[in-house]
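Structure, as structure tokens:
Just so it is clear, none of the values below were taken in a lab; they were calculated from the coordinates. Computed from a predicted model, the values in this text were never measured in an experiment. Note that each Cβ is placed from the backbone with ideal geometry, even for glycine, and that neighbours are counted across all protein chains shown.
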Amino acid sequence: MYKFCFGVDLGGTTVKMGLLTVDGDILDKWEIPTRKEEKGSMILPDIADAILKKIEERGMDKEDIAGIGIGVPGPVDSEGVIYKAANLGWDVFNVAKTLEGLAGLPVKAGNDANVAALGEMWKGGGAGHKNLVAVTLGTGVGGGIIINGEILTGATGAGGEIGHIHMNDDEVDACGCGNKGCLEQYASATGVVKLAKKHLASSDKASALREGEVSAKTVFDAVKAGDSLAKEIAEEFGMYLGKGLAAIAGVVNPEIFVIGGGVSKAGPVLLDYIKKYYVEYVFHGSKNAEFALATLGNDAGMYGAAKLIIQE
């Protein structure tokens, strides 16, 4: 019977690593730098070395270790093949099998946003649910869809890319993905700033937002202070995200949406704006879906990666 597992969250700057019990208790966590030079060829050897050192340092028996789960920033299929990770310099190859060969332990790999969703389902805001959509509102909009406790990966690991649902035919600016009118152009941290600038330019209303830096944080701080222009910005943000999540619900019918990422630090007020429009647009069969804030923060990917390897 296995006692331990490793969870690895591979980011563009650092690799977050954790040693956990199979029940999900963190025994140790640490970070190593992500060495992207030479097309990222040193990243997996570095991870394997760090894990093998930790096993040696703690005098652990490999037979007690279920294996290593790893979340990576790119589309990963159910076999552990990554379909390019541009910011790591990686092309198409099998991450799971490569790391398995280096570490001598079983490995399962998944997309980082999907893996974070699994973490929130296991030990975070979605605990107690098996059907959920996790939404990460950061620089972009990431997503992870869990159906019956399993990550929905799709054919090439691109399932759950909710930030690129098309929302606006009239958009003239291109999204980072190359298309125009994507959800993340309105619902991400940068999207909220874009909406704010539009409202500030088209209105003469007095607002605290005219006095300093405009960010997702300052917008929602102003909302909480009763600023009427900030509330208009939050309404438009809520309309885009609520409508987008209603579309997703029509396909996957989740029990709960778990909202995380930097923008979610605004707290419960954020959920109020999203729910208002979600309920307006969603098919009645999904109207009762719950909304919760993510609770694991930067550890979500580590927990989810560990869960990947110990799933029944």
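Annotations
- Label-to-label distance for residue 283 and residue 26 is 3.8 nm, based on points extended 7 Å past Cα in the beta-carbon direction.
- In this structure the amide hydrogen of residue 90, modeled in the peptide plane, comes within under 5 Å of the amide hydrogens of 85, none closer than 5 places in sequence on its chain.
- Rounded to two decimals, the Cα radius of gyration of the range 128-295 over 2.2 N^0.38 Å is 1.02.
- Estimated distance in nm for a label pair at residue 265 and residue 62, the labels positioned 7 Å out from Cα along Cα-to-Cβ: 4.2
- Residues of the range 217-231 with amide N under 15 Å of a point placed 7 Å along Cα→Cβ from residue 206: 226-230
- Relative to the Cα centre, the charge distribution of the range 128-295, modelled as +1 at Lys and Arg Cβ and -1 at Asp and Glu Cβ, gives a dipole magnitude of about 220 debye.
- DSSP beta bridges in the chain [antiparallel fraction, %, rounded to 5]: 60
- About its Cα centre, the dipole of the chain is roughly 360 debye, where the only charges are +1 on Lys and Arg Cβ and -1 on Asp and Glu Cβ.
- Ordering 60, 117, 44 by Cα displacement along the dipole of the range 1-130 toward the positive end leaves 117 in first place; charges were set at the Cβ atoms of Lys, Arg (+1) and Asp, Glu (-1).
- Summarising the label geometry, the points placed 7 Å from Cα in the beta-carbon direction at residue 197 and residue 217 lie 2.0 nm from one another.
- Descending by average beta-carbon neighbour count within 10 Å, the peptides 285-292, 117-124, 179-186 line up as 117-124, 179-186, 285-292, the highest first.
- Volume in Å³ per residue [convex hull over Cα atoms, computed for the chain]: 138
- Relative contact order of the chain, taken over Cα pairs closer than 8 Å and 6 or more residues apart, is 21 percent.
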